[in-house]
Structures are given as C-alpha cells and as structure tokens.
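Participant: Structure provided below as structure tokens; questions to follow.
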Protein chains: 2
Amino acid sequence: MKLIDGKKIAEDIRTEIANEVRKMIDNEIKVPHLAAVLVGEDAASQTYVTNKEKACKEVGFISSVYRYSETISEKKLLEVVEFLNNDEEIDGFIVQLPLPKHISPGKIIRAIKPEKDVDGFHPVNIGNMVLNLQGHVPATPYGIMQLIKRSGIETEGKHCVVVGRSNIVGTPVSILLSRNNKNANCTVTLCHSKTNNLKEICSSADILIAAIGKMEFIKADMVKQGAVVIDVGMHRIESSETKSGFRLKGDVAFDEVSKKCSMITPVPGGVGPMTIVGLLMNTLKAAKKEVYN
Amino acid sequence: MKLIDGKKIAEDIRTEIANEVRKMIDNEIKVPHLAAVLVGEDAASQTYVTNKEKACKEVGFISSVYRYSETISEKKLLEVVEFLNNDEEIDGFIVQLPLPKHISPGKIIRAIKPEKDVDGFHPVNIGNMVLNLQGHVPATPYGIMQLIKRSGIETEGKHCVVVGRSNIVGTPVSILLSRNNKNANCTVTLCHSKTNNLKEICSSADILIAAIGKMEFIKADMVKQGAVVIDVGMHRIESSETKSGFRLKGDVAFDEVSKKCSMITPVPGGVGPMTIVGLLMNTLKAAKKEVYN
C-alpha cells in the first residue's frame, strides 16, 4: 500500500505557481490577485479564509478579504459582487459559504462573472466542464484530478465509483473523470443516499472516491483488493492523544481499508491540502486570461 | 415484455401542450413562437426542421425558419442569433446542427440567450441541469425522462447504465437520472468507447440506455433478464420489404434483446418522436417565462 501524499503534491504545485509568479514579476506583469468575501463569524469559514490568505502569500499572489456582518442584506452583497466583478485589480474572487439564511447562495454565485468565479461554482463553469470546454473547475475536484495525475494512477477504462453527489465534490468529480481526456476516461458510477447495494458497487471499483460526509463510512468489505481510494471526508473528533485536543478522520475507515488497497489518501494530508491549491490554479488561469478569452 | 410506446406518449404530450395553447388563446396571451435557423442543404437537417414546423403547427405554436446558404459567415450567423435574441416575438429558437466547417457550433450556441436556448445546449443550461436548477434541458434527454416517467418505470435506487457520453444525449441523460428528483435518483454508470468490460457492466443494469450510434451494438448477452431498455439509436438501412426502400434500426439488436427485457423502446416509435416533444416542452416553458425569470 502506498500513501498518496497530498501535502507533498500541494507543495510541489505551490512551488510551480510561485515560479510562474516570479516570471510574471520579472516580465512586469501584474501578479494574480484573489479576493474573498466573508460574511459573519462562522469559525470554519474564518479558518478557511485565513488559510487562503496564507497560501496566496506563499505563492506571491495578492490577497484581500472583504468582511461583512451577518446582517448584510442580499441586495448589498450583490452590490459587493458587482463591485468585485468590475474591479480590474482583482482576477478572481470567492464568496465564502455558508451564507446567512436570508441570502440565497445560488443568487450570489450566479451574479459572479464566470471568468472571476475561481471557486468554479457558477452554472457556466459547471456547464463548460460537462462540455469539456475551458472554464474554472470546482476547487476540490480540480485538486483530486491533480492528485490522480501526479500519483501516476491509471484511469483510462478503469471503473471509478464516486460515493456522494454534492454539487461541490461528488457530482463534478464524477463528470471530470468520465470526460474524454488524458488522466480521465474512467467508466464512472455515481452513488448516493438512494443507491441500493452500495457495498457491491463500491467493491467493483478500481478507483473509489468517498465524498459522503459520514465518518469512516467506507469499510474494508466495501473495497476491492488493490483499489485506489480517495478520501474527501474531514471530520474533527476529540482526542486525548493530540496537543490540540482533537484529530481528523475521513469518510474511510483508514486502518482497515488501507490494508486492502494499492493507494490511499490519508486524512489529514490527502485531499485536504489540494482544495486551496485548486483555487490557486484557477486564480492563476484567471490572471493569465487563459479562460473566457 | 412490454413495448414503450413513444409515439403514443409523444401524442399525449402534444395534446396536453395544444390544450395549454388553447387556454393561452382564450386568455389573450401570445402563443409560443419557435424559430429555427437552417444553414445549407443537409438533407437530414431539412427533414428535421420540416418535422419541427409540422409539430409546431399541430400544437398551435407559431413557427418560423430562417434559411441561409452554407456560405454564410460566422459573423453574419452571430448577427442572426443576436437578432433572434432580441426579437420579443420569438420565445425560443434553435440553430440546426451540423453547421458548415468554417463556423464554430460552440461559439454560435454560446451566443444564444440561455432563456431562448430551447435545444438546451448552452453551458448555462447544462450547468443548471447539473445543479438541479431551472433551465432548458436538452431535448432528447428531456424526452427520455418523459418516456420513463409516463411508462411508470421505477427509478429510485435502480442501477442505470448509459452507453455513450455525447453532449446531446448520453452525458445529459446520465446527469438527469442521477439527480435527487422524483423519476430519477438512479445510481448511474456512464460508459463510453474507453470502457473495459462493457458487457459485464451492461449486464448489471436495471435500466440500460443505448446512445452509442452503432447499429444493433447491444446484444442479448449484454442485457439482464427483466431490464428496461431505452434505445436512442437511429440507423437507416436499405430494405426491399418497405415501400420507401429503407427501414430504421436502433443501437439495440431488438429481436434478441426484446425477449429478455421487461420493457423496451422500439425503433422507430420509441425515443425518436420524443425529441421534438422535448423541444416543444422547452418552448412552452420559455413562452410562459417559467425559466430564468
């Protein structure tokens, strides 16, 4: 069994991006600028946005954060989006989810200019992904595709089973892996809460992607000997063994599954570090006008 | 074995649409207007557009056809699209494919206003379909969903195998059947030219959708006893047995497969009549401003 080292792969990509930024500076090209809009005080969102700022700094991007109270109106937030759409300094921006209940996330996302939607959530970006056209790809699936590519995992003709059909992970990664591209061309089965005989289907997977949001849901008896397992889950549990008082678990029962598979992503250090890298890659593409131009 | 009577279901839907149009007339609401843009002299395209006009007439829609020589420039065709986008008389329009080689179909399709794109090919419509939001659904998949619904085929939790990943049939129908909707919620496997062990995968399908474009490709040994089979193929072969001198065959070897399955669409008279019905349904929705409003 080989661990898929997401931390190392993410580092490699950040180094490549940093080198590109250095070239931009040498050529007197404006460096990429990623903005984040943060509404309210959600702790996970705060952490995530802080991590984005840190990642931007590390690769040489400019980053900025627009903070608003959770009482901001939908109308006002749409004005913020419009302002960022038109600000030529900013190459891409994200509106951190979740938003307060009185604001429709769909409405906000659809107001973002597709070329600046570096989260890849806008219907135009999703549609272009389906049609195999240029666009921004949702960050986590983009990161997973990089993990697969850079770990040398064979995909063509392989049976890939994706468990979970969320708009931000399961569904887009199922689409990406089924497209007629290098490092894709899988036969993909998309499973979800209504799937019958899940165990049987998972057991037939050459590549199993767990994006269910249930801790240690995938057990060894659901995994084929020699399969590749990608664990998108991230669950924080209390622990007396760590200094922080907690530890992370995935959607996969790592201890038992890892014995059976050929390759597996650990949690933490697997898919987790790749999401922000996906965002950085989209932002670089936006700054270089490689999409929608 | 039961035949899925696409001809009858299409008739039923056309009657329902005609009733709606009658109500619109009674309430002095403008009746739906579908326009088609036809470039060049492709025989199949001519037939298809003529059939659309006939179907429009039958349900009480206004229809119009804009014909151009195959020498029309891309720029000029984009101007036609812009004109139709802005013509308030026209609720929806299609640009008949294929287009001459000097014109990019993607560029033309992306120029159509999504709310008037009743073929459902625009990335925004595809993206909204993935995100389970309102929009125009590609006509053939929309028709297939109606066939399934109106034939009382159980879908929830069933394993559906789609063979063929085209942008206009295989890929969108695989997405539609996997969404969390009534008459959907299938576990979907999307197969294609790069799929290994296709026979084994097809044999596990409760619902098998053949959209490969290869005549009689699906044989009895690829079909599970009792499966539902939807045949999207349409191949014209010479025949001494018919008056017209030709007959139609599907992607499924009907004679042998029909003995094994519980339900099957014939060719002709199965999926075929549903495509134009899908287009009419989209046009009605567009006229009633039920999408993008």
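Participant: Sorted by mean Cβ packing within 10 Å, highest first, what order do the peptides A:232-245, A:123-136, A:69-82, A:199-212 take?
Facilitator: A:123-136, A:199-212, A:69-82, A:232-245
Participant: Taking the alpha-carbon centroid of each part, what is the distance from the range A:234-293 to the range A:36-72 in angstrom?
Facilitator: 19 Å
Participant: Explain nothing, just compute: Karplus ³J(HN,Hα) = 6.51 cos²θ - 1.76 cosθ + 1.60, θ = phi - 60°, for every residue of the range B:196-205 in order, whole Hz, x for Gly and Pro.
Facilitator: Per residue, the Karplus-derived 3J(HN,Hα) values read 7, 5, 4, 4, 4, 5, 4, 5, 8, 7 Hz.
Participant: How well do other chains shield peptide B:168-178, expressed as the mean number of their Cβ atoms within 10 Å of each residue Cβ?
Facilitator: What the average comes to for B:168-178 is 3.
Participant: How high is the relative contact order of the range B:139-272, given as a whole-number percent (alpha carbon pairs under 8 Å, six or more residues apart)?
Facilitator: Relative contact order for the range B:139-272 comes out at 21 percent.
Participant: Normalising by the residue count of the range B:28-112, find the relative contact order in percent from Cα pairs under 8 Å and 6+ residues apart.
Facilitator: 41 percent
Participant: Could you grab the relative contact order for chain A? Cα pairs under 8 Å, six or more apart, rounded to a whole percent.
Facilitator: 21 percent
Participant: Same structure, new question: In peptide A:125-134, what is the residue-averaged number of other protein chain Cβ atoms found within 10 Å of each Cβ?
Facilitator: Across A:125-134, the average partner-chain Cβ count within 10 Å equals 6.
Participant: Ok, one more. Can you put A:1, A:222 in order, fewest other beta carbons within 10 Å first?
Facilitator: A:1, A:222
Participant: Another question about this same structure. Put the label 7 Å from Cα along Cα→Cβ for residue B:242; what are its distances to the other copies, in nanometres, shortest first?
Facilitator: Computed spacing set for this position: 6.6 nm.
Participant: Right, something else. Once label points are set 7 Å from the Cα along Cα→Cβ at both residue B:44 and residue A:182, what is their separation, rounded to one decimal in nm?
Facilitator: Distance between label points: 3.2 nm.
Participant: Cα-based Rg (one decimal) and Dmax (whole number) for the protein assembly as shown, in Å?
Facilitator: 25.3, 84
Participant: Here's another thing I want to ask about it. So, in nm, how far is label residue A:29 from label residue A:166 when the simple model puts each one 7 Å beyond its Cα toward the Cβ?
Facilitator: Taking the two extended label points, one gets 3.3 nm.
Participant: If you restrict to DSSP beta bridges whose two residues both lie in chain B, what percentage is antiparallel, to the nearest 5?
Facilitator: The antiparallel proportion sits near 10 percent.
Participant: Still on this structure, I have one more. Could you tell me the distance between the Cα centroids of the range B:150-175 and the range A:110-189, to the nearest Å?
Facilitator: Rounded to whole Å, the Cα centres lie 20 Å apart.
Participant: Here is a further query. Run through the other copies and list how far each one's label point is from that of residue A:255, in nm with one decimal, shortest first; the point sits 7 Å from Cα along Cα-Cβ.
Facilitator: The projected label point of residue A:255 is separated from its counterparts by 6.2 nm.
Participant: Only counting other Cβ atoms within 10 Å, I'd like A:191, B:56, B:261 sorted with the fewest neighbours first.
Facilitator: The fewest-first ordering by Cβ neighbours comes to B:261, B:56, A:191.
Participant: So the label point sits 7 Å from Cα along the Cα-to-Cβ vector; using that for residue B:181, what distances do you get to the other copies, in nanometres, sorted shortest first?
Facilitator: So the label point of residue B:181 gives 2.6 nm to the other copies.
Participant: Also: Which entries in A:75/A:194; A:54/A:288; A:101/A:285; A:2/B:182; A:214/A:259 show an alpha-carbon gap greater than 30 Å?
Facilitator: Violating the 30 Å Cα-Cα cut-off are A:75/A:194; A:101/A:285; A:2/B:182.
Participant: Continuing with the same structure: Quote the FRET efficiency, to the nearest 0.05, computed for residue B:255 versus residue A:219 with a Förster distance R0 of 35 Å and r equal to the Cβ-Cβ distance.
Facilitator: 0.20
Participant: By counting other Cβ atoms within 10 Å of each Cβ, how are B:95, B:188, A:21 ranked from fewest to most?
Facilitator: A:21, B:95, B:188
Participant: Using helices alone, what [θ] at 222 nm do you get for chain A, with -39,500 (n - 2.57) per DSSP H run of 4 or more residues, divided over all residues and rounded to the nearest 500?
Facilitator: Mean residue ellipticity, 222 nm, calculated: -12000 deg cm²/dmol.
Participant: While we're looking at this one, here's another question. Identify unpaired cysteines across chain A, taking unpaired to mean no other cysteine Cβ lies under 4.7 Å from the residue's Cβ.
Facilitator: A:56, A:191, A:202, A:261
Participant: How crowded by other chains is B:102-111, given as the mean number of beta carbons from other chains within 10 Å of each beta carbon?
Facilitator: Whole-number average of other-chain Cβ neighbours for B:102-111 is 1.
Readers should treat all values here as calculations from the given coordinates under stated rules, not as data from a laboratory. All of these numbers come straight from a predicted model, not from anything done at the bench. Counting neighbours? That spans all protein chains shown, and the Cβs are built from the backbone with ideal geometry, glycine included.
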